[in-house]
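None of the figures in this text is laboratory data; all of them are computed from the coordinates on show. Note that the structure is predicted; figures quoted are calculated from it, not measured.
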Amino acid sequence: MKTRCVFSTPDLTAARAAMAAAQAAGIDDRDISLLAREDIELERIPDHLLQGRNDFYPAALRGGACGGGTGLLLGLIAVAVPPLGVTLAGAAAMAVAGAAFGSCIGEIVGFEVPDTVSRKFKAEIAAGRILVVIDARRDQLGVAESAVARTGATPLPFHAHTVLT
């Protein structure tokens, strides 16, 4: 499992220096992303470095887990009621259908909900600062954090486990 940490930089030059330091510390390019105000993103930051601004994937996972659990529970209840004639295969099908429905609803809701980094550091982003977001294993993070901090990037109080990276 990886951990996400966030650094604040005053401009794109400083953000690029922080990214280079993280890469030199062994962080893969796919695990580094930038987050900035929309006018800065559109003008200066390449698309492959931008972090998504919504909670799409985590919400889909939560929705799938909740929907699948609910479907399984309802399927097992239906198996326990003989007049309904539901088999264990039917219960499994209900769990799969619940997971699919839950994922779909989670994606729809998550598309409109800002991600946790955007929510927590809204003021930093609004002030025009560029956030450097790094996802790495704990052992890599110790080396990378000190290397990035030496470039002048300000570490922000955010460390969270990431499932999807």
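Some observations on this one:
- In plain terms, the chain from ARG119 to ASP139 could stretch by 4.5 nm, reckoned as 0.36 nm per residue minus the Cα-Cα distance.
- Phi-derived couplings, Karplus 6.51 cos²θ - 1.76 cosθ + 1.60 at θ = phi - 60°, listed residue by residue for region 25-31: 7, x, 7, 5, 4, 5, 9 Hz, with x used for Gly and Pro.
- Were the residues from ARG30 through LEU76 laid out at 0.36 nm apart, the gain over their Cα-Cα distance would be 12.4 nm.
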